[in-house]
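To start, the structure under review is shown below, and the notes come after it.
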Amino acid sequence: MKYVGKSIPRNDGFDKATGLGQFTVDVTMPHMLYAKVLRSPYAHARVVKIDTSAAEALPGVEAVCTFENTTDKPFNTSATMVTTPRPAEPVRDQTVFTGEPKYIGDEIAAVAAQTEAIAEQAVKLIKVEYEELPAVYDPLEALKPEAPEVQPVFGNKEHKNVCGEIVRIPFCAEEEFGPETMEHGFAKADVIVEADIKLPRVKQCQMEVHAAVASYKANGTLEIISTTQTPTPTKMIVAYALDLPESKVRVRNPPYLGGGFGVRIGISGKAEILAAVLSMKALRPVKLVYTREEDFLASDTRHGGYLHARLGAKKDGTFVALDTTAWLNTGAYCTFGVELLAVCGVCGTAGTYRIPYLNYAGYPVYTHQQTAGAFRGFGTPQGTAVVEACVDKMAQALNMDPIQLRKMNTMGPDDKNFFPFTVGSVGTNECLDKAAAEIGWAEKRGQPKTGNKRRGVGIACNTHVSNAAPFCVDYNAVNLTIEQDGTLRVNSAIPEIGPGSTTALLQVACDLLGVPFETATMIFGDSSAAPFDIGSHATRTLYSVSQVLKDAAEELKADILSYAAGHDFLDTDPAKLSLEDGIVQGGSRPLPLKELAYEAHLRGKQFLSTKCKVPENSLPFAAQAAEVEVDMELGLVKVLKIAAAHDVGHVVNPRLCEGQVEGGVLQGVGWAVREEMTYVEGEGFYNEGFHKYMLPTADDRPEIVSILVESEDPKGIFGMKGIGEVGCIPTLPAIFSAVEDATGVRFQEAPLTPDRVLAGLKAAGKI
């Protein structure tokens, strides 16, 4: 391998460092209009009357859309709308606008005008008379029989405010699962511990707000340039909702995105479809850019809520049974509610350890708050948080070292659990050892703590996935073309959301094919660039697209070598030939691909290959150790260091891989000690921007040591696995473990704000 394993600089680095890279906010079109949205001031209400006449009469206003003059066809803004496998059906509970808003920020109407200022003024001129209705905000409160019903059509029969289905996942490696199975499992345990945790809503805080430019033409074609992480599924969602042929809808990135972290998997908030309906009415391009306040208050967050776990083990520490329940707040609309609760169970609660008796129940609960959806980790962080708390409790109950207890129970390649596929390689124990050594576990853990400022160390481990299949319809397609001068062009609809995936993919493609990286290029982020691609999410982009690249590269290389072996060129057996650094070797002379491609062009021949594939799925594993300092008088928790050891299979680009780990860790630190969306009844979320949201800054960044463990996965191309989401998953439980080591108190609610820490210390008699 000439390129894989090297820290090759990012192809998009120059554009982004110099400001030349184009983002959706930079896009302009001739005769473009600007959009603004009227949002509900009530958590639950009915629109009694709406009057848009004053807004329509304002000079410069070109279109006004409301629930009265716009399609009310139900859809789902998330990619699950078009990727939910049969026999399940996606929950279609959203419309473009609504006459019965279900959260503060719900869309009532929108305006397109010649300037943003005119659009803002026009929105203020729309007169709406509301009838306020009862609302519920907490998932446990929403499950009570007397709670207001959020979505009467889509609620569960058993619990009216459960979105779609209660997610139930049973598993037993020793007997057929039945009503008494978990009782049998726990009966085999000598020690049983339980843990609870309450987790907050937190925001992705991607640097670029949601935005879209839509251009509908009289010939029935619709082009959208937007911030989506999934151009092709977004095309399908928009076409479905607006009753347009998919062949006449194109969705693309501009080409860059200012981060994603899951919040754009499908439609970006509702930017694409709002801009589209306005453009269809005005027959002019329409640009909609969310304000930061809109981004905070009217787009998906991470699911907050409550989790409970019960873990049973034998006296020697062998785990025998785990039963977990999650009640998570999915907000007013489903989006990813059902799928995320499933991943919470499969990956978050049972993916890391070998446990013969497993049971999980996940409740995606409707409330009258903004929607929760995909956020880096997609349910696995929530499940991991409560299970790792149980493991620490079990270590205490058995008087065992927490690392030793974990290592004796970690899942192996042949172990079975919730996963509907084979595990692959497992580097968990090596990750645990290396993280522990880096943090100084043996010297620091469990030492006597005195004084005002006390330090402690903790650890947690986890897994996730390298792809979303078979949980959803998840496949890729690529097109490889050798240009007439012999250079390689890769076409894929996959976006570049910031991690450098398109650079790493070119490294893989060039090594698979045997052509120079320096002259290769990649076209990406465009639903018209290649056939269907699920998009960038699920820690899958590099891992899964590489598998399709392999098939396409093998076919393309075979075509090249077969043509080169012909009597007009090398007149030899193709099996004797190879392609190395853009030169066909093994014949009577070295034959540059540049020469071969041009000669083929003159004879009406071009080398190309298009492939489509559902990729394999592998599990990346990780362990992170944290060191913290707790001020016992002020309740301040300072994270000093995170040692993050990650099993990535085989590293494709070390620097990009380290960047993913470091970014994930810092998000995990924020979730553990700072970040929280606070709801104020009657007003909505207090957090309307970065000035009211405790996002970690450079001053809050602990020392982060990235440790890349290579386990050479048998299913990944060149042995690789995914890395994108894994970095943020074990950070919170590792920090909670370290705080317990420092203070003697295991906290059950995040984030660890000073008031919570002081209250917990006082309740435990520590101060």
Can you work out which of the residues in the stretch 620-660 that are of a type in the set (Asp, Glu) and assigned to a strand (DSSP E or B) is most open to solvent (accessible area, probe 1.4 Å)?
-> GLU629
If ALA239 passes every condition in (1) in contact (Cβ under 8 Å) with a residue 24 or more places away in the chain; (2) outside any strand (DSSP E or B); (3) aliphatic (A, V, I, L, M) but one, which one does it miss?
-> (1)
Restricting attention to the stretch 691-712, the residues that are assigned to a loop (DSSP other than H, G, I, E, B) and either surrounded by fewer than 16 Cβ atoms within 10 Å (Cβ to Cβ) or of a type in the set (A, V, I, L, M) (or both) number exactly 5
Would you pick out the residues in the stretch 192-235 that are β-branched (Val, Ile, Thr) and farther than 22 Å from TRP671 by Cβ?
-> ILE192, VAL193, VAL213, THR221, ILE224, ILE225, THR227, THR228, THR230, THR232, THR234
Can you name the residue in the stretch 198-215 that is within 27 Å of PRO733 (Cβ to Cβ) and in a strand (DSSP E or B) and is also least open to solvent (accessible area, probe 1.4 Å) among such residues?
-> LEU199
Members of the stretch 376-414 that are of a type in the set (S, T, N, Q) and more than 30 Å from LYS203 (Cβ to Cβ) | GLN396, ASN399, GLN404, ASN409, THR410
Among the residues of the stretch 1-60, count how many are within 27 Å of LEU283 (Cβ to Cβ) and among the polar types (S, T, N, Q).
-> 5
Being buried (at least 20 other Cβ atoms within 10 Å of the Cβ) and either of a type in the set (Lys, Arg) or farther than 30 Å from PRO402 by Cβ (or both), is that true of even one residue in the stretch 307-324?
-> no
Only residues in the stretch 1-28 that are within 18 Å of LEU542 (Cα to Cα) and in contact (Cβ under 8 Å) with a residue 60 or more places away in the chain count as the first member; pair them with residues that are of a type in the set (Asp, Glu) and assigned to a loop (DSSP other than H, G, I, E, B), Cβ under 8 angstrom, at least 6 apart or cross-chain, and list the lot.
-> LYS2/ASP581
Quickly run through the stretch 34-68 and pick out the residues that are part of a loop (DSSP other than H, G, I, E, B), open to solvent by 60 Å² or more (accessible area, probe 1.4 Å) and touching a Phe, Trp or Tyr at 6+ places or on another chain (Cβ under 9 Å).
-> PRO41, TYR42, GLU68
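When the stretch 348-368 is examined, which residues are found to be among the aliphatic types (A, V, I, L, M) and either surrounded by fewer than 24 Cβ atoms within 10 Å (Cβ to Cβ) or within 21 Å of PRO139 (Cα to Cα) (or both)?
ALA361, VAL365
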Do we find that ILE169 is in contact (Cβ under 8 Å) with a residue 24 or more places away in the chain, within 30 Å of GLU675 (Cβ to Cβ) and not in a loop (DSSP other than H, G, I, E, B) in this structure?
-> yes
Test VAL128 against the criterion of being assigned to a loop (DSSP other than H, G, I, E, B) and closer than 30 Å to ALA110 by Cβ, and give yes or no.
-> no
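If you go through the stretch 352-362 one residue at a time, do you hit one that is of a type in the set (Ser, Thr, Tyr), touching a strand residue (DSSP E or B) at 6+ places or on another chain (Cβ under 8 Å) and closer than 25 Å to GLN94 by Cβ? Don't jump to the end; show me each part of the working.
Of the stretch 352-362, the ones of a type in the set (Ser, Thr, Tyr) are 352-353, 357, 360.
Of the ones still in play, those that are also touching a strand residue (DSSP E or B) at 6+ places or on another chain (Cβ under 8 Å) are 352-353, 357, 360.
Cutting the leftovers down to closer than 25 Å to GLN94 by Cβ gives us none.
No: zero hits.
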Of the residues that make up the stretch 78-97, is at least one among the small types (Gly, Ala, Ser), touching a strand residue (DSSP E or B) at 6+ places or on another chain (Cβ under 7 Å) and over 21 Å from ALA135 (Cβ atoms)?
-> yes
Could you pull out the residue among ALA460, ALA520 that is open to solvent by less than 10 Å² (accessible area, probe 1.4 Å) and more than 15 Å from the chain's Cα centre (by Cα)?
-> ALA460
Scanning the stretch 337-349 residue by residue, those among the small types (Gly, Ala, Ser) and within 15 Å of ALA389 (Cβ to Cβ) turn out to be GLY348
Only one residue in VAL614, VAL584 is out of contact with any Lys or Arg (no Cβ under 9 Å at 6 or more places or on another chain), surrounded by 15 or more Cβ atoms within 10 Å (Cβ to Cβ) and modelled with pLDDT under 95. Which one?
-> VAL614
Here are ASP51, ASP72: which of them is free of Cβ contacts under 8 Å to residues at least 40 places away in the same chain and either within 32 Å of the chain's Cα centre (by Cα) or under 17 Å from ALA109 (Cβ atoms) (or both)?
-> ASP72
Quick one: which residue in GLY345, GLY377 is among the small types (Gly, Ala, Ser), crowded, with 23+ Cβ neighbours inside 10 Å, within 18 Å of the chain's Cα centre (by Cα) and part of a helix (DSSP H, G or I)?
-> GLY345
So, in the stretch 402-434, of the ones that are over 19 Å from ALA645 (Cα atoms) and touching a helix residue (DSSP H, G or I) at 6+ places or on another chain (Cβ under 9 Å), which residue ends up most open to solvent (accessible area, probe 1.4 Å)?
-> PRO420
Examine the stretch 528-535 for a residue that is open to solvent by 10 Å² or more (accessible area, probe 1.4 Å), closer than 30 Å to CYS344 by Cα and not aliphatic (A, V, I, L, M), and state whether such a residue exists.
-> yes
Would you mention how many residues in the stretch 435-453 are open to solvent by less than 50 Å² (accessible area, probe 1.4 Å) and in a strand (DSSP E or B)?
-> 0
Checking ALA173, ALA147, ALA218, ALA195 in turn, the sole residue that is at pLDDT 95 or above, hydrophobic (A, V, I, L, M, F, W, C), over 20 Å from GLY266 (Cβ atoms) and open to solvent by 20 Å² or more (accessible area, probe 1.4 Å) turns out to be ALA218
In the stretch 399-420, how many are in a loop (DSSP other than H, G, I, E, B), polar (S, T, N, Q) and at pLDDT 95 or above?
-> 1
Restricting attention to the stretch 611-644, the residues that are touching a Pro at 6+ places or on another chain (Cβ under 7 Å) and either over 30 Å from ASP433 (Cβ atoms) or basic (Lys, Arg) (or both) number exactly 5
Residue under evaluation ALA698, criteria (1) touching a Gly at 6+ places or on another chain (Cβ under 8 Å); (2) without any contact (Cβ under 8 Å) to a residue 24 or more places away in the chain; (3) not aromatic (Phe, Trp, Tyr), criterion not met | (1)
Exactly one of ARG284, ARG292 is in contact with a Gly (Cβ under 6 Å, 6 or more places away or on another chain) and of a type in the set (Lys, Arg), and that one is ARG292
So which of LEU758, LEU732 is touching a residue at least 24 places away in the same chain (Cβ under 8 Å) and open to solvent by 10 Å² or more (accessible area, probe 1.4 Å)?
-> LEU758
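The values are calculated or read from the model by the stated rules, or taken from the named source; none is laboratory data. Please read these numbers as outputs of a predicted model, since none were measured by experiment. Every residue, glycine as well, gets a Cβ built from its backbone with ideal geometry; the counts of neighbours run over all protein chains shown. SASA here: full protein model, heavy atoms, side chains in, ligands and nucleic acids out. Shrake-Rupley method; radii C 1.70, N 1.55, O 1.52, S 1.80 Å.
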